[in-house]
Every structure is written in structure tokens, then in C-alpha cells.
Amino acid sequence: MQATCTVSGQTFEITEEDLKFYEKMGVPVPTLCQEERQRRRLAWRNERNLFQKKCSGTGNPILSVYREESPFPVYEQSYFHSDSWDPKTYGQDYDFSKPFFEQFFALQQRVPHINLIGSKNENSDYVNYAGSNKNCFLL
């Protein structure tokens, strides 16, 4: 079956196997091509911009993928992985009378986030989603 993406206008194929899967899962046939669906899944991730802000735990200046006005606390890597804060204090009971994603969003707005993702980086403070680097900049 051929379909036309409602965003890009690109035609894409929906196989019989795909149709069976959508029916089994009880979801409608997609109206967006695979590239547009992937773009929407990844739209909330920031992997390219770094911002200067203060660590919510230590007050030290840090680089982060989150802006200064982020609604949640942002911790520098060393503080985030330390025993200086207790992640269990953010636990909450699930309220079956409220939608799951509403509760998940509220939880995301309270729980501290790590400023950058990476490990085993040496002299590479300006890297994100990278590991085992030495003397690197903006990776």
C-alpha cells in the first residue's frame, strides 16, 4: 500500500506485515513517512546547543544542554553521580485517577537532570553524548 506523508508530501510504503502489526496493536495506519515520525520522536532532545548556567546542587558555573530558565534542577556530572542528593526523595505513588503522561511530565519537572551526557572524557568539558575522549572540543 502506498501512502503520502501529510507533512513532506513524500510517498512511502506500508506493507501487509505493517498493517497486521498496526491492527494487532490497535493503532491507526500512519499518515507520516518514517523520516517525519523519527523527527517527531527526537524533537525533544537537544544534542547540539550548550548553555552556561549554574549547577542547582553546588552553584558552580557549568555547561548544560538545558537553558538557565529550565523548570527542573540541573546538576553537574560529578554532583549528579555523588551521594550528595537522594534520588529516592523524588519517588511518588501512581495515581490511577490521573493520566499517566500528566504524572510523568510533572515528575520530569521535579527530578534533577544531568547537565551533559558522557563518560571517561579527559580535558573535554565541551562535549555531549560522547565518551572516552581526550582534549576534544564541541563533539
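At least 2 residues being of a type outside the set (Val, Ile, Thr) and within 24 Å of the chain's Cα centre (by Cα) is the threshold, and among the helices (runs of 4 or more DSSP H) wholly inside region 1-112 those reaching it are 34-42, 77-80, 100-110. Considering only residues in region 90-134 that are β-branched (Val, Ile, Thr) and within 18 Å of Arg48 (Cβ to Cβ), the one that is surrounded by the most Cβ atoms within 10 Å (Cβ to Cβ) turns out to be Val127.
Taking residues in region 21-42 that are within 11 Å of Val7 (Cβ to Cβ), and partners anywhere that are of a type in the set (Phe, Trp, Tyr), the pairs with Cβ atoms closer than 6 Å and at least 6 places apart or on different chains are Cys33/Phe12. Consider only pairs whose beta carbons are under 6 Å apart and that are at least six residues apart or on different chains; among these, list those whose first residue lies in region 128-139 and is in a strand (DSSP E or B) and whose second residue is surrounded by fewer than 11 Cβ atoms within 10 Å (Cβ to Cβ). As it stands, the answer is Gly131/Ser119; Gly131/Lys120; Lys134/Glu122, since those pairs meet every condition given. Taken over region 22-49, the criterion of being farther than 20 Å from Tyr129 by Cα and loosely packed, with under 12 Cβ neighbours inside 10 Å is satisfied by Glu23, Lys24, Met25, Gly26, Val27, Pro28, Val29. Candidates in region 50-89 are the residues that are of a type in the set (Lys, Arg) and farther than 26 Å from Glu122 by Cβ; of these, the one that is surrounded by the most Cβ atoms within 10 Å (Cβ to Cβ) is Arg67.
Just so you know, all these numbers are worked out from the coordinates, no wet-lab data involved. What you see is a predicted model; the values in this text were computed from it and never measured. Reconstructed Cβ throughout: ideal geometry from the backbone, glycine too, with neighbour counts over all protein chains shown.
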